[in-house]
């Protein structure tokens, strides 16, 4: 069960600016950014390519297997992409968790101003 | 009415009441009421998210849209699913780490300003009311069709049931109703899809070939463009779908029902798989309905195509499958409206009463009473509005809800977590410009004004060309937040350092 915020006295004891500027935290943010930003751009581009290419062209209407056209393949690829990104993210996020726990244990629990 | 239908209908009512009875015994604190005490596991919450998200509009609406419009109907399925990547990568974990009960809590973890909380509560309440009216009016019409009872009785049944769940069982009851519904719905989808596929010897190619000749659209049925022939309109709709989900209050609220960000993440994963499989299966329902029911019969039953799935069930599985699918549709409606009532009630009781009026000093008993009164109030108000809206065309309300969520809530969430310079003035401007532009643009759009009588709310020429104004209102929400921020000198980097550390480490001390 999540703990609600404790009294503000305790808040004041943790120097969050110090934690934020620590090399470990900077490294965590850097790692997160390196993963999340390109992934987000990728999936948004991949997603909008479908309505854009079906709206402004008919080239996706060519058949691939029998009567199934590229438009359908692209549509199903959106599902596959979603599941793949989900799975990659879980793996990646586990390493973020480890780093985050380390920061909490080493810097915050012992007081950010230590 | 068919006796099988009545038995299944009563079974669902009874099952949900038993759930509520047990949930009521476990609902002791406001934390239990709003967030099930944060005690749900990842997969439970994941199924509940799916149960909250897959509305009757998804289940019956998309099956019908695919049956009638082929590929274009499938656009909704894709947008509704990819939206979960936005939720997973950008929103779920910081939200869980910063918030307590509501979206406003999360934003206020940074600003602690009543004006911001008020603006966030206003946007939540607006979305909830609009979405709720759309759901209830749709539900009334559907139940009228499925069970052959008058509209007002149908709305009252759904309204009374949702009130009971939320009032007595809070989030625990709501979650378990949603989980139960998700399981039933998936079972129904798999059964129908399996029978449809079996008829083609599990050859998907053969199904595509067959559907090509089954409808009046001929080979065009398999190509995009039957319904969405306006490129900007299509892209705007897709934008609202993919960004709106991550700002819907009843979806956001589901991330406070787990103990930490890791569990929030695993629940999004469960939800994404469940929802993904569901949306893939909508294809078999849609094609199956086009082939085995036929477009003219689907249209005759309901011009919106909402009866495609139940009629398909009847065509391939007889009365019993029809009764089962109707009962599932009923459970679907109940689960979604219960989640909506709860998120509306939390904005009224927790944000406006507890934090703004009582300044966070309301006693536990007062908070609990306020939560229950608010739940009752939201229920009664939405039932009354829905009873009055029977003959209105309410389709625009759903696009409005998604649009406000994408244009007002999402910018403020993203700025709060990721932008150092962001401040209270920016938060208020983001919320109000997103909310305002969505409201104004939709009210001038073709879904409100149509030259054809009955096609929209009013007769007349639309001033704004897009049904769904997300393409304009989302940038306006982001710009509002940007300019609101830079035109105010206020900033607090120290507080942002705290928010950033908390959001990214889950530290709650």
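Worth a mention:
- Meets criteria (surrounded by fewer than 21 Cβ atoms within 10 Å (Cβ to Cβ), touching a residue at least 40 places away in the same chain (Cβ under 8 Å) and over 30 Å from residue B:377 (Cα atoms)) for residue B:298: no
- Leading residue by the ranking (nearest to the chain's Cα centre (by Cα)) among those in the stretch B:225-264 that are within 11 Å of chain A (Cβ to nearest Cβ), crowded, with 23+ Cβ neighbours inside 10 Å and within 17 Å of residue A:43 (Cβ to Cβ): B:241
- Residue in the stretch B:193-200 that is within 24 Å of residue B:47 (Cα to Cα) and surrounded by fewer than 18 Cβ atoms within 10 Å (Cβ to Cβ) present: yes
- Residue match in the stretch B:88-111 (condition: within 30 Å of residue B:196 (Cα to Cα) and either touching a strand residue (DSSP E or B) at 6+ places or on another chain (Cβ under 9 Å) or modelled with pLDDT of 90 or more (or both)): no
- Flag if residue B:277 is surrounded by fewer than 24 Cβ atoms within 10 Å (Cβ to Cβ), at pLDDT 95 or above and part of a helix (DSSP H, G or I): yes
- Selected residue (only one of B:454, B:434 is closer than 27 Å to residue B:106 by Cα and out of contact with any strand residue (DSSP E or B) (no Cβ under 9 Å at 6 or more places or on another chain)): B:434
- Residue within the stretch B:455-468 that is surrounded by fewer than 15 Cβ atoms within 10 Å (Cβ to Cβ), within 14 Å of chain A (Cβ to nearest Cβ), over 18 Å from residue B:402 (Cβ atoms) and over 22 Å from the mean Cα position of the chain (by Cα) present: no
- Residues being part of a helix (DSSP H, G or I), farther than 30 Å from residue B:384 by Cβ and within 14 Å of chain A (Cβ to nearest Cβ) are entirely absent from the stretch B:307-325.
- Which listed residue, of B:153, B:107, B:127, is away from every other protein chain (no Cβ under 14 Å) and closer than 30 Å to residue B:2 by Cβ: B:153
- Test for residue B:430: is it over 17 Å from residue B:94 (Cβ atoms) and part of a helix (DSSP H, G or I): no
- Filtered residues of the stretch B:484-500 (kept if facing chain A (nearest Cβ under 8 Å) and either over 31 Å from the mean Cα position of the chain (by Cα) or in a loop (DSSP other than H, G, I, E, B) (or both)): B:493, B:494, B:497, B:498
- Failed condition for residue B:101, given (1) more than 13 Å from the chain's Cα centre (by Cα); (2) part of a helix (DSSP H, G or I): (2)
- Scanning the stretch A:58-106 for residues that are at the interface with chain B (Cβ under 8 Å from one of its Cβ atoms), under 17 Å from residue B:279 (Cα atoms) and without any contact (Cβ under 8 Å) to a residue 12 or more places away in the chain gives A:72, A:76, A:79, A:83, A:86.
- Listed here are the helices (runs of 4 or more DSSP H) enclosed by the stretch B:25-75 that have at least 2 residues being under 15 Å from residue B:279 (Cα atoms) and at pLDDT 90 or above: B:42-53, B:63-69.
- Once the stretch A:42-57 is narrowed to residues that are within 19 Å of the chain's Cα centre (by Cα) and either facing chain B (nearest Cβ under 7 Å) or farther than 17 Å from residue A:86 by Cβ (or both), the residue that is surrounded by the most Cβ atoms within 10 Å (Cβ to Cβ) is A:47.
The values are calculated or read from the model by the stated rules, or taken from the named source; none is laboratory data. Quick caveat: nothing in here was measured; it's all calculated off a predicted structure. Please note: Cβ atoms are built from the backbone with ideal geometry, for glycine as well, and neighbour counts cover all protein chains shown.
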